[in-house]
Each structure stands twice: as structure tokens, then as C-alpha cells.
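Remarks on the structure that follows.
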Amino acid sequence: MALSDAEVEKQINHMKKFIKQEAHEKADEIMIKAEEEFNIEKGRLLQNEKRKVSNYFERREKQLELQKKIQHSNLLNQARLAVLKSRDDHIKRVLEEASTRLSEVTRDSAHYQQMLRDLVAQGLFQLLEEEVTVRCRQEDVGLVKNVAGDAIRSYEQATKKTCKVLIDTTHLPAECSGGVELFVRAGKIKCTNTLESRLELMGTQVQSHILPFLVYLL
């Protein structure tokens, strides 16, 4: 049975409506999927950028911390050098002042004579020889002769060894403040116990004791 024109037109409109509805649904589905993919990609890119920014600031923070440590180390080293220089300058001034006053030591004859005895005895203990030659200033020859016996007795009592002391015919230079030099084996081995050498030794000992303490403080 043939359809009338109105029925054909109705079916065609129905098919158009169906196709249009399906097209809208398909378009909506595509839009939803596209938006989901867009949001996923946007999230991925945003996360990557956040990670880049975070890594940048983390590296920058580490660089600043390293610079801070370097600067602190430099300042600490500068402070140490300043303290050490101040210490050296102070010790140098003290030693220079002490050096200018060495001649005062010999003014007290009794005290200086006792000092000579101790310096000679100390030299004997260091050399540990049977025959030792002592050199002193020309004006101290008499004093050294007076104390040589006591120095020898101290040495022999402590070591149970005998020792002979000779007074050298040459003398310490005139600029020497005092003290003695002891030598054996034609001068090949010598012990210097002048006042200048003792002062220098004292300065070295002061520096060696103060330096570790300063380093510990810093």
C-alpha cells in the first residue's frame, strides 16, 4: 500500500529529527571527551611547570645557603687572621720590651750568679759529655768559675757520671746580654743558653701554647 505524501513527509521529518538528535548527542559526547582530555593535559602541564618552579627555587635556596656558608667561612678566617696578627704583634712587643731589659738581669749579681749556675747545669744535662767547654762574656768569667763546681755536682749527683768543665778563652760578643754557650767535640755540638736564646725560646713556647687555645675559641 503506497504512502501518501503527508506520511512520507512525516517519516522524513522523523528521520531528520532522529539524525539531528543523534548528532547533538555525538557532538556533546565529543565535547565532553575533549574537555576531559583538555583538563588532563592542562593538569599535566601545570604540574610540570609547578615542578620546574619548585626545582628552580630549591636550587636557588641551595645556592644561597652555599654562598652563606662560604661568606661565613671567609669572615671566620678573617677573624682568625686578625686575632692571630694581634696576638703576634702583642707577643712581639712584649719580647722586644723584654729584650731591651735583659741587661737589667745582670745588675743583681747574686741572682745572676745563681742563673748562670742553672744555665751551666742545664747545658751539662743536655750534652751528657765527660768534658764540656763553657763560653761566656768576658766580664762573667769570674762568676762562671764560681758556679761551675756547683753545676758539676748537681750533674754528677743526678747522672752518676763525672764531668769536667773548661772555661773557653774566647768570649761571647759584647752585645750579648749574658748567659753561656756550652760545646763539646771542638764545637761540633753546642748548647746555647744565652739570655737572648732563652728569651727567644720563651717566646716560641708562648706562641705554641696560645695558638691552639685561640683556634679552639674560634
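The values are calculated or read from the model by the stated rules, or taken from the named source; none is laboratory data. All of these numbers come straight from a predicted model, not from anything done at the bench. When we count neighbours, we look across all protein chains shown, and the Cβ atoms used for this are built from the backbone with ideal geometry, even at glycine. Areas reflect the complete protein model, heavy atoms only, side chains present, ligands, DNA and RNA absent. Shrake-Rupley method; radii C 1.70, N 1.55, O 1.52, S 1.80 Å.
Residues of the range 178-197 that are closer than 19 Å to Val147 by Cα and open to solvent by 20 Å² or more (accessible area, probe 1.4 Å): Glu181, Phe183, Thr192. Out of all the residues in the range 108-123, which are closer than 16 Å to Val134 by Cα and of a type in the set (A, V, I, L, M)? Of everything in the range 108-123, those that are closer than 16 Å to Val134 by Cα and of a type in the set (A, V, I, L, M) turn out to be Met115, Leu116, Leu119, Val120, Ala121.
Of everything in the range 95-151 that is surrounded by fewer than 19 Cβ atoms within 10 Å (Cβ to Cβ), among the small types (Gly, Ala, Ser) and within 43 Å of the chain's Cα centre (by Cα), the residue that is modelled with the lowest pLDDT is Ser99. Report whether or not Ser154 is more than 14 Å from Gln126 (Cα to Cα), surrounded by 16 or more Cβ atoms within 10 Å (Cβ to Cβ) and not basic (Lys, Arg). Here the answer is no, as Ser154 does not meet what is asked. Within this structure, Ala82 fails the test of being surrounded by fewer than 11 Cβ atoms within 10 Å (Cβ to Cβ), among the aliphatic types (A, V, I, L, M) and modelled with pLDDT of 85 or more.
Annotation note: Cβ proximity below 7 Å between a residue of the range 162-187 that is touching a residue at least 60 places away in the same chain (Cβ under 8 Å) and a residue that is open to solvent by less than 70 Å² (accessible area, probe 1.4 Å) and of a type in the set (Lys, Arg) (sequence gap 6+ or interchain) occurs for Gly178/Arg137; Val180/Arg135.
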